[in-house]
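This report concerns only the one structure given below.
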Ligand code: ADP
């Protein structure tokens, strides 16, 4: 079995040897071996490839120099004694006549090398058959979602297909879409024609010199752009693409290890809701009883519930800690909110859930992402809102909405605790303070100090050192608040957020953070005492729309 990764790998030539091929699509749990033998700045995909080749008994590999990382992987693989066959195919960066001749010569060299290794003879007619029978592209006149950027792998692709079950998904990443136009060709000229087609007709990857036409004639209903840390080629393309505000674009960055599927699902579901692909349900209600709706937001830190009457008036509410588990907390939050509204569960007409635990609570209630729910909730709390800043326990989001409370665009930080409520919670613990004390004390700062550690754990050490140096606690907290504010402001700038701003999520109760964020944005932020309930309010409003 010959393993490969790049879409420029000459699979049709390998078919001329009757050799089976398999695309390496690595998602190892750890990259211990790669960390030991490769440069630390190797991208996640490179490390995952090395790890998989090492652990999965891979014996035959062909690499192309489609990017610098492949050359480095090749150098590492040269030291792997278990590999029987390792070939590095140099790939020209453009498709002029000289480059086509060069690529033809390199393919011929590969054929000779493989013949010597396998003692098989290359059968050009089998290669031609494989070339002529490549699968066609899906019909682009049907609505489609385009996955592009760096290699995303089958896990991401499957998740996208699950999220968009009724539209085509086109894999245009650097390892997908091998499609080339085909033409009848005789055996004598085949390798030249093939080299020309691969270099000039295959949709170019970003490592090629001429990429101007990469996105020409592309009219997907949405583009999902996959990037990877240290992958400059695709990082730059994304930077340019995101300037086109008319293209619905979702950026997903992974590191080729199995990611937190909950966070990925939230992003994809929210994108589907924004594109209108995931339609809101409608429920028929046959009742002459009064209408009551529950919205439940199952977050990482708190589970919040809202009861609304048919006039969208909030008549019951609750906030409980999620600690005991999503289902139990949701039951408890709903029970308390019902008691607050003087209602029983069987009086509820509809329930809608949101938050990370949304699909595991509410007994098959409809579930909607917190992005859409915060948009509805924020519009309800403050109809002038254009930009929502939601800082919760485990992530922060900035959502731009239109005058009807519909999501226009959103960004999320869910990779690192810095800039989230959890960062502040850890510092409050280090300072032995309650969250309310942290919030209040942060307002009374005198000296403007900066906490330079980006990481939650290192920031905690920095705080402890500052306390030992007798720095005023209020100044330390102000430094922490500034750090959260600066990370959040950069998210706001990323999606060109503009006033009016509203802050939702639990951290909206931290007056010190709000003050720093107002300074960083040079704008007022609307704060409502129901900020933490915003997701649940949005869910209840959607529940109301469903029965209307
Ligand atoms: P999630 O939706 O992820 O459960 P929340 O929106 O409930 O998160 O926000 C939780 C965060 O809110 C906590 O991590 C904490 O930092 C902050 N928070 C909660 N209560 C307070 C408070 N009284 N004062 C200041 N911050 C608070």
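Just so you know, all these numbers are worked out from the coordinates, no wet-lab data involved. Since the structure is predicted, the reported quantities are computational estimates derived from the model, not experimental observations. Counting neighbours? That spans all protein chains shown, and the Cβs are built from the backbone with ideal geometry, glycine included.
Just so you know, the Rg over Rh for the range 382-433 is 1.14, from Cα atoms, with Rh as the Kirkwood radius. For the chain, the relative contact order works out to 12 percent when only alpha carbon pairs closer than 8 Å and six or more residues apart are counted. Expressed in units of 2.2 N^0.38 Å, where N is the residue count, the Cα radius of gyration of the range 445-548 is 1.33. Measuring nothing but alpha carbons in the range 137-218 and taking Rh as the Kirkwood radius, the Rg to Rh ratio lands at 1.03. Net length available on complete extension from residue 183 to residue 209 is 6.9 nm, with 0.36 nm assigned per residue and the Cα-Cα distance removed. With a simple spin-label model that places each label point 7 Å from the Cα along the Cα-to-Cβ direction, the separation between residue 219 and residue 465 comes to 5.8 nm.
Using only alpha-carbon positions in the range 159-275, the gyration tensor eigenvalues give semi-axes of 31, 16, 15 Å once each is multiplied by 5 and square-rooted (largest first). A Cα-only calculation for the range 458-510 places Rg and Dmax at 14.3, 41 Å.
Estimated from helical segments only, the mean residue ellipticity of the chain at 222 nm is -12000 deg cm²/dmol, where each DSSP H run of four or more residues counts as -39500 (n - 2.57). If you take the alpha carbon atoms of the range 99-148 and fit the smallest convex hull around them, that volume is 150 Å³ per residue. Cα convex hull, the range 2-135: 119 Å³ per residue, rounded to a whole number.
As a test, work out the antiparallel percent of DSSP beta bridges whose residues both lie in the chain, rounded to the nearest 5. Restricted to the chain, the bridges split so that about 40 percent are antiparallel. Where a ≥ b ≥ c are the square roots of the eigenvalues of the C-alpha gyration tensor, would you call the range 198-246 rounded, which needs a/c under 1.5, or, failing that, prolate if a/b is larger than b/c, or oblate? Oblate. Rounded if a/c is under 1.5, else prolate if a/b is larger than b/c, else oblate: which is the range 387-527, with a ≥ b ≥ c the root eigenvalues of its Cα gyration tensor? Because a/c hits 1.5 or more and a/b exceeds b/c, the range 387-527 counts as prolate.
Once a ≥ b ≥ c are taken as the square roots of the eigenvalues of the Cα gyration tensor of the chain, is the result rounded (a/c under 1.5), prolate (a/b larger than b/c) or oblate (a/b not larger than b/c)? Taking the square roots of the gyration eigenvalues as a ≥ b ≥ c, the chain is prolate.
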